[in-house]
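Structure first, commentary second.
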Amino acid sequence: MRRMTDAADWSQAADPARRIGQAIEFHAEIESTNDRARAALSEPGGEGLAVVADLQTAGRGRRGRTWISPAGANLLFSVAWRPIIALRMAGLLGGSAALAVRDACASLVPDAGLAIRWPNDVVDRTGRKVAGLLVETALESGELAEAVIGIGINVNWLPSEMPPEIGGSATSLQALLGAPIQRVPLLGSVLDALHAEVQALERGGTPLPRLRASSWLDGRQVEVDTGTGTIAGRAAGIADDGSLLLDAEVGRLALSVGEVARVYEAIPATVAQ
Ligand code: BTN
């Protein structure tokens, strides 16, 4: 059974020693945690605040999609901060955050084969989506000035309860584990991992070897929606800047933006949640 939560519950996931997630702000209902985290950046102490919600009334996914999540079931949160990262590394921010989410979730379901599907979905070994990330950045004078990372993890939401357009291509930690999962400790471990990933990136480290090792798409035949059209090809890895390498009819392409619209293996239908 789902239990509604309050601010005191969620504050247990805060850690003042972290740069990201040193404090938690909880909302029983909010339009979008991404918008609130971005607004908090201009308030004293707002940088790094983790904004959590039981329900979003205007939750956003990538490429203008709506992010659907029933009240109290899943983990919905956003963090915003001013990254000290060279612009050429900005494309790896989403991948680093996806690794943090993957690692924290994999410690709960180690046998699920959790992997990252470019650009930054966390999927199980069959390609069913467990978590999605929405990364929104702002530049100032050609430098990365702000980053907002919104994370939605399907926690206690069974595929049988999902709307039909999602149910076939998504799963949840509860479904993978076979038992409900406590969201507050999960938030704490995602924030620990996110803090570590961001620190590593800011100190000049790269997530690339781990991103490449956890790339679910490699070797699969896919169709990528680039926003201006669709390109078919075989996924051939992740480039140094986080782009997807695609062996297409015209040769090898590096796609810095886009969305995998179709995978011709494992799950034949549209895979986007
Ligand atoms: C995607 O896969 O399309 C990205 C989904 C991101 C959803 C999260 S839920 C918390 C945060 N607030 C939002 O409005 N979106 C992100």
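The values are calculated or read from the model by the stated rules, or taken from the named source; none is laboratory data. A quick note: this is a predicted structure, and the numbers were derived from the prediction, not measured. All Cβ positions, even for glycine, are placed from backbone atoms using ideal geometry, and neighbour counts span all protein chains on display. These area figures cover heavy atoms from the full protein model, side chains too; ligands, DNA and RNA do not enter into them. Shrake-Rupley method; radii C 1.70, N 1.55, O 1.52, S 1.80 Å.
Looking at (1) part of a strand (DSSP E or B); (2) out of contact with any Gly (no Cβ under 7 Å at 6 or more places or on another chain); (3) open to solvent by less than 40 Å² (accessible area, probe 1.4 Å); (4) not hydroxyl-bearing (S, T, Y), find the lone condition where E25 falls short.
Of everything listed in (1) part of a strand (DSSP E or B); (2) out of contact with any Gly (no Cβ under 7 Å at 6 or more places or on another chain); (3) open to solvent by less than 40 Å² (accessible area, probe 1.4 Å); (4) not hydroxyl-bearing (S, T, Y), E25 misses just condition (3).
For residues that are under 30 Å from G204 (Cα atoms) and open to solvent by less than 30 Å² (accessible area, probe 1.4 Å), tally how many sit in the range 237-259.
10
Mind checking which residues of the range 122-159 are within 21 Å of A90 (Cα to Cα), among the hydroxyl-bearing types (S, T, Y) and either buried (at least 23 other Cβ atoms within 10 Å of the Cβ) or in contact (Cβ under 8 Å) with a residue 40 or more places away in the chain (or both)?
Answer for the range 122-159, where residues must be within 21 Å of A90 (Cα to Cα), among the hydroxyl-bearing types (S, T, Y) and either buried (at least 23 other Cβ atoms within 10 Å of the Cβ) or in contact (Cβ under 8 Å) with a residue 40 or more places away in the chain (or both): just T137.
Please determine whether any residue of the range 38-47 is open to solvent by 10 Å² or more (accessible area, probe 1.4 Å), on the phi > 0 side of the Ramachandran plot, assigned by TED's automatic domain parsing to the domain that holds L191 and assigned to a loop (DSSP other than H, G, I, E, B).
yes
Just to be sure, is D35 open to solvent by 50 Å² or more (accessible area, probe 1.4 Å), assigned to a helix (DSSP H, G or I) and not β-branched (V, I, T)?
Details: open to solvent by 50 Å² or more (accessible area, probe 1.4 Å): yes; assigned to a helix (DSSP H, G or I): yes; not β-branched (V, I, T): yes.
Judged against the criteria, D35 is a match.
So that you can scan it fast, the table gives a plain yes or no per residue for (1) near the ligand (Cβ under 10 Å from one of its atoms); (2) out of contact with any Gly (no Cβ under 7 Å at 6 or more places or on another chain); (3) more than 29 Å from A179 (Cβ to Cβ):
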{"residue": "R19", "(1), (2), (3)": "no, no, yes"}
{"residue": "E29", "(1), (2), (3)": "no, yes, no"}
{"residue": "E47", "(1), (2), (3)": "no, yes, yes"}
{"residue": "I84", "(1), (2), (3)": "no, yes, yes"}
{"residue": "R88", "(1), (2), (3)": "no, yes, yes"}
{"residue": "V101", "(1), (2), (3)": "no, yes, no"}
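Looking at the range 175-192, which of its residues are surrounded by fewer than 21 Cβ atoms within 10 Å (Cβ to Cβ) and either among the polar types (S, T, N, Q) or under 26 Å from L87 (Cβ atoms) (or both)?
Q182, S189
Filter the range 193-234 down to the residues that are open to solvent by 40 Å² or more (accessible area, probe 1.4 Å) and of a type in the set (A, V, I, L, M), then identify the one that is nearest to L92 (Cα to Cα).
Selected residue: A200.
A80: at pLDDT 95 or above and either open to solvent by 10 Å² or more (accessible area, probe 1.4 Å) or assigned to a helix (DSSP H, G or I) (or both), yes or no? Can you show your working first?
On the way: at pLDDT 95 or above: yes; either open to solvent by 10 Å² or more (accessible area, probe 1.4 Å) or assigned to a helix (DSSP H, G or I) (or both): no.
So A80 does not fit the description; no.
Take the residues of the range 49-69 that are outside any strand (DSSP E or B), open to solvent by less than 40 Å² (accessible area, probe 1.4 Å) and under 17 Å from N154 (Cβ atoms): which is farthest from the ligand (Cβ to nearest atom)? Lay out the reasoning, then the answer.
Residues of the range 49-69 that are outside any strand (DSSP E or B), as a first pass: 49, 54-55, 57-59, 61-65, 67-69.
Subset that is open to solvent by less than 40 Å² (accessible area, probe 1.4 Å): 49, 54, 59, 61-62, 67, 69.
Narrowing further to those that are under 17 Å from N154 (Cβ atoms): 54, 59, 61-62, 67, 69.
Working: D54: 12, G59: 4, G61: 3, R62: 4, W67: 4, S69: 7 Å.
In this case the residue turns out to be D54.
Given the criteria acidic (D, E), part of a loop (DSSP other than H, G, I, E, B) and either open to solvent by 40 Å² or more (accessible area, probe 1.4 Å) or within 14 Å of N154 (Cα to Cα) (or both), does D111 qualify? Reasoning before the result, please.
Details: acidic (D, E): yes; part of a loop (DSSP other than H, G, I, E, B): yes; either open to solvent by 40 Å² or more (accessible area, probe 1.4 Å) or within 14 Å of N154 (Cα to Cα) (or both): yes.
Taking the combined requirement at face value, the residue satisfies it.
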